[in-house]
Amino acid sequence: MRKKSFFKTLFALGLLVCISATTWAQQQLSVRGTVTDNYGDPLPGVNIIIKGTTTGTVSDIEGNYSLEVDDAQNTILVFRFIGFSDQEIQVNGRSVIDVTMEESSIGLDEVVAIGYGTVKKRDITGSVASVSGESLQAIPVASATEAITGKLAGVQISATEGSPDAEIRIRVRGGGSITGDNTPLLIVDGFPVETISDIAPNDIESIDVLKDASSTAIYGSRGANGVIIVTTKTASAGKVSVNYNAYAAWKKLANKLDVLSPYDYAKFQYERAQLAEKPENYTDYFGNYQDMDLYREVEPNDWQEQVFGRTGFTFNHNMSINGGSEKTKYSFSYSHIDDKAIMKMSSFKRDNLTLKMNNKPHEKVTLDFSLRYSDTEVEGGGANEQNEVSSADSRLKYAMIYPPFLLVD
């Protein structure tokens, strides 16, 4: 009886092992295949990853790959390769999965301004860097020049000083001349300008930078240092739309340097004079050493607090009105920025007005009218009374009126 019970137990254990092995074999699966492009050519270096894990492999020079998966039914393989769209494929028990990668066309249909016209990115043969107006609006800065800092490859942007109206230096591909001017050519809506710092970022549709000779050839020698083309927003037909945006920010000095107290500073100067064997270097400025304890009662001057001690405040708001019909379109925008810096007696204010009108009296004739006005008021660091008065006066940066001109097809 015991012998019969032993054989039953042994048979049950063997059956359990067989079932477990069969289940494990059903779950484990080796998946292989070939990855190709749209033309049927193999793609080496394609990343094949099991979704939700860090397990994966890379296709070889022939485009072949092999990967072990734990769940033969529910596992999802993710295929990734630069220049191609990601693909996610469920295994569903298949041991061979061949994949054709589709080329990615992201950004290729984006329109870029070159010269006096526009082309699509896919048709560009020269070196062109672009940034959209939406990217500029997402950055709360006073000028468009600051907003494109670090966003354009090969374009270096730096401030010449720390004052609110400091000149912004732009260099495309670095400096090409030691004695000559390295400033790129600035074009706003087809017209050369001296600066783009006084254009409100909200009024910009796009900024395109032409960097190589083939792109800048249309401008001749003026484009030797590169060309920066700014396209502002235009009027659009449709119902009247009113948009208003505003933001506010507070600024404060994050950290201050630890400085010596008056007593410690006087003691430090005395030790320096003794090491130099010139005690007069101390006594001429700080008095007798025996009176050093008097410096313990001296109220220190925290110059960091006195110069950069206030809480800065920035308020920027803009309003735009667009509308019109297919024949007559108009656009109006107003922007105001008030920036009070953390440095005392330092502030920056600017008002921008932009008006654009477009009329098409005939199918082959277009009349465009554009006006842009900028009024900037800067309060500097208070170097002297004359500078304070002159810098505080409202200065008209420029008022450009573009007269109506004809475009005949």
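The values are calculated or read from the model by the stated rules, or taken from the named source; none is laboratory data. This is a predicted model, so every value here is computed, not measured. Positions of Cβ are backbone-derived with ideal geometry, glycine not excepted, and every protein chain shown enters the neighbour counts.
Meeting the requirement of 3 or more residues that are at pLDDT below 75 and touching a Gly at 6+ places or on another chain (Cβ under 7 Å), the helices (runs of 4 or more DSSP H) wholly within region 132-246 are 213-216.
Of all residues in region 180-203, those that are closer than 14 Å to ALA144 by Cα have Cβ atoms under 6 Å from Cβ atoms of residues that are part of a loop (DSSP other than H, G, I, E, B) and among the hydroxyl-bearing types (Ser, Thr, Tyr), 6 or more apart or on another chain, in SER197/SER143.
Only residues that are among the hydrophobic types (A, V, I, L, M, F, W, C), part of a loop (DSSP other than H, G, I, E, B) and more than 18 Å from GLU102 (Cα to Cα) were counted across region 41-90, and they come to 2. Only residues that are under 26 Å from SER30 (Cα atoms) and either part of a loop (DSSP other than H, G, I, E, B) or at pLDDT below 85 (or both) were counted across region 91-122, and they come to 9. Among the residues of region 31-40, which ones are within 12 Å of ASP98 (Cβ to Cβ) and either of a type in the set (Phe, Trp, Tyr) or part of a strand (DSSP E or B) (or both)? Passing the criteria: VAL31, ARG32, GLY33, THR34, VAL35, THR36. Screening TYR295 on (1) touching a Phe, Trp or Tyr at 6+ places or on another chain (Cβ under 9 Å); (2) surrounded by fewer than 17 Cβ atoms within 10 Å (Cβ to Cβ); (3) over 27 Å from PRO201 (Cα atoms) shows it passes everything except condition (2). Checking each residue in region 219-235 for being within 22 Å of THR366 (Cα to Cα) and either without any contact (Cβ under 8 Å) to a residue 40 or more places away in the chain or of a type in the set (Lys, Arg) (or both) picks out only LYS233.
For GLY238, the conditions (1) surrounded by 15 or more Cβ atoms within 10 Å (Cβ to Cβ); (2) closer than 30 Å to LYS360 by Cα; (3) of a type in the set (Gly, Ala, Ser) are fulfilled apart from (1).
Can you name every residue in region 322-352 that is of a type in the set (A, V, I, L, M, F, W, C) and surrounded by fewer than 16 Cβ atoms within 10 Å (Cβ to Cβ)?
If the condition is that a residue be of a type in the set (A, V, I, L, M, F, W, C) and surrounded by fewer than 16 Cβ atoms within 10 Å (Cβ to Cβ), then MET345 is the only one that fits.
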